[in-house]
1. Starting from 0 in steps of 10 Å, tell me what percent of the Cα-Cα pairs of the protein assembly as shown lands in each bin.
2. Longest span of chain B, sites excluded, free of trypsin sites (Lys or Arg not before Pro) in DSSP loop with at most 13 other C-beta atoms within 10 Å?
3. With heavy atoms of protein chains only and a 1.4 Å probe, what residues of segment B:187-208 have at least 30 Å² less accessible area in the full set of chains than alone?
4. Compactness ratio of chain B: Cα Rg over 2.2 N^0.38 Å, N = residue count?
5. Could you work out the mean count of beta carbons from other protein chains within 10 Å of each residue's beta carbon in A:16-27?
6. Scan chain B and hand back the longest stretch that contains none of the GluC sites (Glu not before Pro) lying in DSSP loops with at most 16 other Cβ atoms within 10 Å.
7. What whole number of Å gives the distance from the Cα centroid of segment B:17-39 to the Cα centroid of segment B:115-145?
8. Using Cα atoms only, what is the angle between the long axis of helix A:7-23 and the major principal axis of chain A, expressed in degrees (0 to 90) to the nearest 10?
There are 2 protein chains.
Amino acid sequence: MGMQLTEKQQRALQFIQSEISDRGRPPTLREIGSQIGVSSTNGVRYVLDALVRKGYLERSPMLSRGIELTDRSVRPNSKSDVREVPILGRIAAGIPITATENHEGRITVDKSFAPTDDTFALRVRGESMIEAGIREGDVIFARPQRTADSGDIVVAMIGEEATVKFYKPIGGRILLEPANSRFKPIIVESGTPGFQILGKVVGLMRKF
Amino acid sequence: MGMQLTEKQQRALQFIQSEISDRGRPPTLREIGSQIGVSSTNGVRYVLDALVRKGYLERSPMLSRGIELTDRSVRPNSKSDVREVPILGRIAAGIPITATENHEGRITVDKSFAPTDDTFALRVRGESMIEAGIREGDVIFARPQRTADSGDIVVAMIGEEATVKFYKPIGGRILLEPANSRFKPIIVESGTPGFQILGKVVGLMRKF
DNA sequence: AAATATACAAAACATTTGTTCACAAGTCAA
DNA sequence: TTGACTTGTGAACAAATGTTTTGTATATTT
């Protein structure tokens with residue numbers, strides 16, 4: 001079976017890819033036709049059939065814009081120096097932070113922001129770290145680790161709540177210090193059930 | 001204008017987001033309706049109208065699946081491409097900001113942080129915007145533009161110096177306001193030679 | 001040459017999908 | 001209360017979109 005694409009097939013595939021990527025929806029047969037220079041919807045159909053046969057597309061019959069890209073034709077991010085980081089939704093105690101149902105989305109960032117491939121991201125809620133320049137709505141990146149050095153900014157789990165604070169061990173206790181004079185530090189006996197360091201904050205992104 | 005979303009609006013928006021992200025196409029009115037429990041397409045229409053009014057969606061009339069997410073409601077995801085943004089070193093008056101010799105390096109970021117392909121980046125020096133959560137060493141992303149709306153954070157050129165400030169036009173003058181009570185606003189007569197708005201700040205990254 | 005397959009065009013048709021209209025129940029302010 | 005406004009239901013309608021049919025030109029095979 002010839003897996004080579006003709007020029008029209010190639011242009012149709014490219015057009016479909018860029019429409020999905022740019023507009024968030026696949027084109028209609030007529031849109032594809034006018035793009036690749038085929039005036040009949042039946043001609044387009046023919047081109048799409050070929051792309052389906054060759055494994056680049058899937059179609060849903062009788063469905064408007066019922067075109068999906070298969071894995072092999074989803075355009076890969078060619079850049080090697082980036083990493084896709086999951087943005088975790090709610091973090092709940094006991095659930096592994098990598099559970100995919102729990103993701104709010106993914107964001108692609110430079111590897112310098114995501115040093116290890118288990119880096120995760122989190123949207124900041126609340127104002128407790130505002131004097132450290134971390135604001136509500138910011139996305140922070142964290143590298144998973146169970147302990148931290150004094151002065152690190154960490155993501156910690158206290159019961160059902162995830163929180164971002166400065167980490168300051170004092171004797172047998174751990175001080176979780178906010179960067180907001182209106183908030184009080186949290187003091188935790190180390191070994192308290194339900195308390196856990198999830199990771200160290202290594203980066204931050206914000207959109208204006 | 002009430003920007004709060006009702007429960008149905010929220011569920012509709014979430015559904016639209018996940019359909020676009022998972023299937024690569026927006027849902028139809030009837031699909032949305034059956035998801036959020038509204039049996040009439042006109043009821044769905046009403047919900048979508050609200051989401052458009054509140055700035056979460058755009059619609060194309062008479063177009064199947066003619067729903068697009070606005071920037072604020074696009075969830076960054078793996079399908080979005082990345083863009084390489086130049087980090088400008090010194091910005092000097094008169095030299096085009098795109099001059100390649102002038103680059104400190106390049107950073108790859110999600111397109112949602114670099115909306116246009118002429119987005120540039122800049123490393124922040126000084127503490128003048130610290131109360132806006134912008135700190136020394138942060139990298140800011142800016143979209144080139146010559147004017148701005150009041151309240152925007154802009155990159156402006158004053159003589160030989162580039163600066164990041166709040167933009168506030170007052171009468172024929174322009175107030176460049178720092179976010180630091182220890183600093184004074186800069187007042188510039190519009191039309192002053194050597195003064196120029198270079199762009200509007202759209203994003204920020206920080207490494208810890 | 002005749003038969004067959006490919007790659008369309010054009011038009012008619014079927015289905016999906018968005019829009020509009022008429023109506024109703026609930027809310028809220030005057 | 002009255003009257004607007006919101007948030008729908010339900011049905012009819014209109015436009016968009018996919019499918020099918022018929023036909024044509026070209027290349028390939030037999």
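The values are calculated or read from the model by the stated rules, or taken from the named source; none is laboratory data. Note that this is a predicted model, so its numbers are computed, not measured. All Cβ positions, even for glycine, are placed from backbone atoms using ideal geometry, and neighbour counts span all protein chains on display. Accessible surface areas use protein heavy atoms only, side chains included; no ligands, DNA or RNA. Shrake-Rupley method; radii C 1.70, N 1.55, O 1.52, S 1.80 Å.
1. Cα pair-distance distribution for the protein assembly as shown, in percent: 4, 18, 24, 25, 19, 8, 2, 0.
2. Longest gap between qualifying sites, sites excluded: B:1-89.
3. By number: B:Val202, B:Leu204, B:Met205, B:Arg206, B:Lys207, B:Phe208.
4. 1.27
5. Per-residue shielding by partner chains comes out at 5.
6. So the longest stretch without any such site is B:1-126.
7. Answer, in whole Å: 37.
8. It is inclined by approximately 40 degrees.
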